[in-house]
Amino acid sequence: MLVEGSIRWQITEDCPRDLLLALALRDLAGLSEECEEQVPPVFPPPEAISVPDLDRRALAAQWRGWWAGIVRRETRPFISQVRPPHFEVFDRALELQDLVYSCYGTVTEWVEARHAEYLAAVKAREHPLADAYELVQRRQFELRRQTGSFRLDLEVLPVARPGAWVVAPDTVIIAESLREDPHAFREWLKPVVIALV
């Protein structure tokens, strides 16, 4: 996780494995029209698998419950609780547990490949969150005062469309394609910083 800020403000950037896993499972199960439908499908898509015959309504409800617990940084477990062999985290979400059983190997390979791509992109940047820091500093100078308190968590994920989607208070999903375009990212972030500072 990248962190920039001061005592008063903080901007973080990450590519959480649990969010990658959740969106990949959502797409594999064909739930993208019912669960976090504003967030586009992941790209590239995970390898197609034969999904077991599951109660779609129950699966969607279970997915949404899991997503609500992992989407915000402060409620997301530091270490993923989605672990074999029994996936105990889903003991009360049996359809979701069955889905994970059916594709865990394939989907975790996909997650690790996307996470490695994110880390390589971060490493290629000279100063990973310098653009955010500079925008906040410039805004404080324009206003001739320090910023009030705020936090902004940017979750960079490989989705099929460029853009950004607010998914929880303080939490925005950023398309990998937007984050990799320095000019477009700065243009997107500038009005956000103006609103927060």
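The values are calculated or read from the model by the stated rules, or taken from the named source; none is laboratory data. Source: prediction; values computed, not measured. Don't worry about glycine lacking a Cβ; one is built from the backbone with ideal geometry, like all the others, and counts go over all protein chains shown. Note: areas computed on protein heavy atoms with side chains; ligands, DNA, RNA excluded. Shrake-Rupley method; radii C 1.70, N 1.55, O 1.52, S 1.80 Å.
Would you mind finding the one in Val197, Val167, Val156 that is modelled with pLDDT under 95 and in contact with a Phe, Trp or Tyr (Cβ under 9 Å, 6 or more places away or on another chain)? It would help to see each step written out before you state the result.
Numbers: Val167 fails: modelled with pLDDT under 95; Val156 fails: modelled with pLDDT under 95.
Going through Val197, Val167, Val156 in turn, just one is modelled with pLDDT under 95 and in contact with a Phe, Trp or Tyr (Cβ under 9 Å, 6 or more places away or on another chain): Val197.
Assess whether Val39 counts as being surrounded by 15 or more Cβ atoms within 10 Å (Cβ to Cβ) and not in a helix (DSSP H, G or I). Taking the combined requirement at face value, the residue satisfies it. Number of residues in segment 42-70 that are part of a loop (DSSP other than H, G, I, E, B) and in contact with a helix residue (DSSP H, G or I) (Cβ under 7 Å, 6 or more places away or on another chain) equals 8. Tell me, yes or no, whether segment 72-92 has at least one residue that is acidic (Asp, Glu), farther than 26 Å from Glu13 by Cβ and open to solvent by 70 Å² or more (accessible area, probe 1.4 Å). Yes, because at least one residue in segment 72-92 is acidic (Asp, Glu), farther than 26 Å from Glu13 by Cβ and open to solvent by 70 Å² or more (accessible area, probe 1.4 Å). Within segment 135-190, if we keep just the residues that are within 22 Å of Pro41 (Cα to Cα) and polar (S, T, N, Q), the residue that is surrounded by the fewest Cβ atoms within 10 Å (Cβ to Cβ) turns out to be Ser177.
The requirement of being in contact (Cβ under 8 Å) with a residue 60 or more places away in the chain and of a type in the set (Ser, Thr, Tyr) is satisfied by Tyr133.
Would you confirm, using the coordinates I've provided, whether Phe185 is closer than 23 Å to Arg72 by Cα, among the aromatic types (Phe, Trp, Tyr) and not in a strand (DSSP E or B)?
Details: closer than 23 Å to Arg72 by Cα: yes; among the aromatic types (Phe, Trp, Tyr): yes; not in a strand (DSSP E or B): yes.
Judged against the criteria, Phe185 is a match.
All of (1) part of a helix (DSSP H, G or I); (2) β-branched (Val, Ile, Thr); (3) closer than 25 Å to Pro46 by Cα; (4) open to solvent by less than 10 Å² (accessible area, probe 1.4 Å) hold for Val193 with one exception: (3).
Of all the residues in segment 134-179, those that are closer than 19 Å to Val111 by Cα and not in a strand (DSSP E or B) number 6.
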